[in-house]
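Structure, as structure tokens:
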Amino acid sequence: MTLANATVQSGRHGPPGAERDTRPEGKSRNAGTWFLVLPALIPILVLSVGPLLYGVSLAFTDAQSGRTRSTQWIGVLNFQDLLHDGLFWESFRIGLLWAVGVTAPQFVLALGLALLLNENLRMRWLARALAIIPWAMPEVVVGTMWRLVYNPDAGILNETIRDLGLGDGRDWLTGLATALPAVIVVGIWAGMPQTTVALLAGLQNTPHELHEAAALDGAGAWHRFRTVTWPALKPVALSITALNFIWNFNAFALVYVLTSGGPGGRTRLPMLFAYEEAFRYGQFGYAAAMGCVMVAVISVILAVYLAGRLRGGEDR
């Protein structure tokens, strides 16, 4: 009976003492995991989650600049005012034009550059190093450098136009018709390296044997790209495109250095508009409401975009 009971007990619960030894070990392992994660989690909570929640709470108040002024809870009044604020929605439209106008060409050019850098070329290491230089430069430096390029009197762009006999040049950053396209060109140049690096990493993870097999079957370069390269690269492309759209829509420093939102508000992105409301006019609650609207709208747009892309991938 004793042996049978021990056998039954062993069959149900494992070796004697296993449950008693494993449970404390699991708890200590979880405690150790949290101990390792905590140093990285605290800055995120303090510097990201905390300010986000505080900004959302400000959107429902009439918070303004001034230490002696009391803040009152006003509910959704700021959001009601935003619905009738034509300047804000115009800046939102400009922000969408900017984000799409930068993200789409940025991806196409970065894909071509990544395919080129993935080839076995001479001095490829140098080309890869040069390709990421714009990424390593601060946005303020990039903006200042391109202001010199666009300078109407001594800028290299107008000097080149004059040397080629194409005209006297123009003031690119203050013209109503040229300011936004000129800024978009700078945004493409500044953000293309990070997209190139991500796509190049995806290309290098594509098995080379698949390309060789497709080439032996007589597939051309375009057919190999469409059937071998792109399916392997698609998850990376989807992720980096979504991230680029978010980063570009939330751009601030680059456009602020180049045009400060001018001329006539033609390059006033939503972040610039919210910045002016908060720090020029002292309307912190109203600016926080703008931030909440921007986050909500962009989240919906990205959710629809990602759902459509993923659904399209499943259908294929």
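The values are calculated or read from the model by the stated rules, or taken from the named source; none is laboratory data. Because the structure is predicted, anything quoted here is derived from the model rather than measured. A quick note on method: Cβ atoms are made from the backbone with ideal geometry, for glycine too, and the neighbour counts reach across all protein chains shown. Just so you know, the surface numbers come from the protein's heavy atoms only, side chains and all, with ligands and any DNA or RNA stripped out. Shrake-Rupley method; radii C 1.70, N 1.55, O 1.52, S 1.80 Å.
Restricting to region 264-312, give me the number of residues that are of a type outside the set (Val, Ile, Thr), under 26 Å from Pro181 (Cβ atoms), in a helix (DSSP H, G or I) and open to solvent by 20 Å² or more (accessible area, probe 1.4 Å).
Qualifying residue count for the region: 5.
Yes/no matrix, rows are residues, columns are (1) open to solvent by 80 Å² or more (accessible area, probe 1.4 Å); (2) touching a residue at least 12 places away in the same chain (Cβ under 8 Å); (3) hydroxyl-bearing (Ser, Thr, Tyr); (4) in a helix (DSSP H, G or I):
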site	(1), (2), (3), (4)
Ala127	no, no, no, yes
Val142	no, yes, no, yes
Arg147	yes, yes, no, yes
Asn158	no, yes, no, yes
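Name every residue in region 195-212 that is assigned to a helix (DSSP H, G or I) and touching a Leu at 6+ places or on another chain (Cβ under 9 Å), in order of residue number. Write out each step before concluding.
Taking region 195-212 and keeping what is assigned to a helix (DSSP H, G or I), we get 195-204, 208-212.
Scanning region 195-212 gives Thr195, Thr196, Ala198, Leu199, Leu200, Gly202, Leu203.
From (1) touching a residue at least 24 places away in the same chain (Cβ under 8 Å); (2) open to solvent by less than 60 Å² (accessible area, probe 1.4 Å), pick out the condition that doesn't hold for Ala213.
(1)
Can you tell me which residue within region 113-125, out of those that are modelled with pLDDT under 85 and assigned to a loop (DSSP other than H, G, I, E, B), is surrounded by the most Cβ atoms within 10 Å (Cβ to Cβ)?
Restricting to residues being modelled with pLDDT under 85 and assigned to a loop (DSSP other than H, G, I, E, B), the top hit is Leu121.
Can we say Ala129 is among the small types (Gly, Ala, Ser) and at pLDDT below 85?
Working: among the small types (Gly, Ala, Ser): yes; at pLDDT below 85: yes.
Taking the combined requirement at face value, the residue satisfies it.
In region 154-179, how many are among the β-branched types (Val, Ile, Thr) and farther than 21 Å from Thr267 by Cα?
Number of matching residues: 3.
Can you tell which of Met145, Met137, Met123 is out of contact with any Cys (no Cβ under 8 Å at 6 or more places or on another chain) and closer than 23 Å to Gly262 by Cα?
Sole residue among the options that is out of contact with any Cys (no Cβ under 8 Å at 6 or more places or on another chain) and closer than 23 Å to Gly262 by Cα: Met145.
Hey, Gly175 hits all of (1) out of contact with any Ser or Thr (no Cβ under 8 Å at 6 or more places or on another chain); (2) closer than 25 Å to Arg124 by Cα; (3) small (Gly, Ala, Ser) but one; which does it fall short on?
(2)
Restricting to region 246-263, name every residue that is farther than 21 Å from Pro51 by Cα and open to solvent by 30 Å² or more (accessible area, probe 1.4 Å).
Hits for region 246-263 are Tyr256, Val257, Ser260.
Which of the following residues is outside any helix (DSSP H, G or I) and of a type in the set (Phe, Trp, Tyr): Trp172, Trp189?
Trp172
Without any contact (Cβ under 8 Å) to a residue 12 or more places away in the chain and either part of a loop (DSSP other than H, G, I, E, B) or under 27 Å from the mean Cα position of the chain (by Cα) (or both), is that true of Thr68?
Judged against the criteria, Thr68 is a match.
Among the residues of region 228-236, is any touching a Leu at 6+ places or on another chain (Cβ under 7 Å), open to solvent by less than 30 Å² (accessible area, probe 1.4 Å) and among the hydrophobic types (A, V, I, L, M, F, W, C)?
For region 228-236, residues touching a Leu at 6+ places or on another chain (Cβ under 7 Å), open to solvent by less than 30 Å² (accessible area, probe 1.4 Å) and among the hydrophobic types (A, V, I, L, M, F, W, C): present.
Looking only at region 185-207, decide whether some residue is open to solvent by 80 Å² or more (accessible area, probe 1.4 Å) and not hydrophobic (A, V, I, L, M, F, W, C).
The answer is yes, given that some residue of region 185-207 is open to solvent by 80 Å² or more (accessible area, probe 1.4 Å) and not hydrophobic (A, V, I, L, M, F, W, C).
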